[in-house]
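Worksheet: the structure to be examined is printed underneath.
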Amino acid sequence: MAGIRYSKYEATLDDLDMADLMKMLQDRLLASGFERNPWDPDPDYRPTMEDLYEAIAEALITNELVPEDLIERAMESDRWLDSDLGATVKELAARLEREGYVRAEGGVDGQGADERGPDGQGGNLAGGAPGQTTFVLTDKAIDFLGYRTLQDLLGASGRASVGAHDTRFTATGVEASGESKPYAFGDALNLDVSQTLGRAARRGFEGGRLDLEEDDLQVVQAEYTSSAATVVMLDCSHSMILYGEDRFTPAKQVALALAHLIRTRYRGDVVRYVLFHNGAEEVPLERLPSAQVGPYHTNTAEGLRLAQKILMRQNKDMKQIVMITDGKPSAITLPDGRVYRNAYGLDPLVLGETLKEVGNCRRHGIQVNTFMLARDPELIAFVQRVSAMTRGKAYFTTPRTIGRYVLQDYQSRRTKLVN
């Protein structure tokens, strides 16, 4: 009689889920230049296939997913990508593409972005010149990384009928959350049936019939919800990677988390992104993961000016700016278009122009919440002044905790002390 032999199952890299691999690659995929050369950043750098291969190999080795002999043979070979480890890494990169996380762009002849693989899923990441072919993250990857970063719910304040943010106001809605109240013109007719009939019954029945009058109507109260327009201002000046710490990558992760939550829960909200440096520019979400720090100063005034233009186009109950920075304003744009720079101290000219834009935010009803990654006394005083002018808040935090503070602030909208 034939028997069945059972043995211990040994997992292989073929069983590795690409979502798990993306988790391992998260920091490298959002890198901002700190790992390459923090002293000479290239704002136009785009990650190449060689970068992706190295990131995958590092993840496999760090997580002990490849045997030692495979690593040793790769180190002994003239070119590690030609070894068995290199072949494994290339196959994993191709799987990332097939599952829709990355897409090849460019190549030796600049035509790789339009090439299709044999399965029709896009350019072939396993081919081409790894040092010249670049890649980009797909919408699926951006959404995945945003979900990974997101840990808390976000919120806002205001008073409106459309939106999903908790506020301190009550309204008449579908979801009951408080005591009933007499109906007033304009309320949603979400009747408290027992209270309404009880008020009518107290007048008694006439001819065996219960007469219902407008004064008898009681409606159930619910929470007011609001919609918000937010501009996230990300400082990509040189100091964000200069002092032995990568501050820009965590800032990008926070921005992706905001985008993910707003798309999935707060669908009535709008979020836009502005990079500020010697000037300022709005970037779409798909370009945010590849944004790099450059050899720039900090033109906070120009960033605030652009953020206001974006917010003034939005018809929302609340408009706010979330500014993530680690340095003092050190540049402004002059009327003739030239950029005036002074990296030493709070230059009166730079400070005056910056506070002028803060005042414009206040006049437009735009709140500025600043998340500061530095603690210089001069800078603390400046940030507190900005917050006071726009009734915003200032958080003095670190790259490790900034995500939690940004998310909690967006949710609570309450003044609180953060140590």
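Every read-out reported here was derived from the displayed coordinates using simple, explicitly stated rules and does not represent laboratory data. As the structure is a computational prediction, the values presented were derived from the model and not from experiment. Quick reminder, even Gly has a Cβ in these numbers, built from the backbone with ideal geometry, and neighbours come from all protein chains shown.
Just to be sure I understand the model, the point goes 7 Å from the Cα along the line to the Cβ. What's the resulting ARG362 to ASP20 distance in nm?
5.5
Excluding residues fewer than 8 places away in the same chain, name every one of the aspartates and glutamates whose C-alpha is closer than 14 Å to that of LYS309.
Candidates past the 8-residue exclusion: GLU281, GLU282, GLU357.
Rounded to the nearest 0.05, what FRET efficiency do GLU91 and GLU286 give with R0 = 30 Å and r taken as the Cβ-Cβ distance? Could you check?
Result of the calculation: an efficiency of 0.70.
Given Cβ point charges of +1 (Lys, Arg) and -1 (Asp, Glu) and nothing else, what value in debye, to the nearest 20, does the dipole of the range 187-304 about its Cα centre take?
Values: 11 positive and 17 negative charges, 87 e Å.
My answer is approximately 420 debye.
In what sequence do LYS90, LYS328, LYS140 fall when counting other Cβ within 10 Å, fewest first?
Details: LYS90 20, LYS328 24, LYS140 14.
Starting with the residue having the fewest Cβ neighbours, the order is LYS140, LYS90, LYS328.
How do VAL271, VAL386 rank when sorted from fewest to most other Cβ atoms within 10 Å of their own Cβ?
On the way: VAL271 20, VAL386 25.
Ranking VAL271, VAL386 by Cβ neighbours within 10 Å, fewest first, gives VAL271, VAL386.
Which of the aspartates and glutamates could a cross-linker bridge to LYS393, judged by Cα under 16 Å and excluding same-chain residues fewer than eight apart?
ASP326, ASP409
For the pair GLN132 and ARG341, how long in nm is the line joining their label points, each one 7 Å along Cα→Cβ?
Using points 7 Å along Cα→Cβ, the separation is 3.3 nm.
At ARG203 and ILE61, where each label point lies 7 Å from the Cα along Cα→Cβ, what is the point-to-point distance in nanometres?
Here the answer is 8.5 nm between the modelled labels.
Using a 10 Å cut-off on Cβ atoms, rank the peptides 67-80, 243-256, 338-351 from the highest mean neighbour count down. Intermediate results must be reported in sequence, preceding the final value.
Working: 67-80: 12.4, 243-256: 21.5, 338-351: 14.4.
Descending mean neighbour count gives 243-256, 338-351, 67-80.
Sort TYR395, TYR147 by Cβ crowding within 10 Å, fewest neighbours at the top.
On the way: TYR395 21, TYR147 13.
Going from sparsest to densest Cβ surroundings: TYR147, TYR395.
Among 371-381, 305-315, how do they line up by average Cβ neighbours within 10 Å per residue, starting with the highest? Walk me through the numbers before you get to the answer.
On the way: 371-381: 15.6, 305-315: 17.2.
So the order, starting with the most tightly packed, is 305-315, 371-381.
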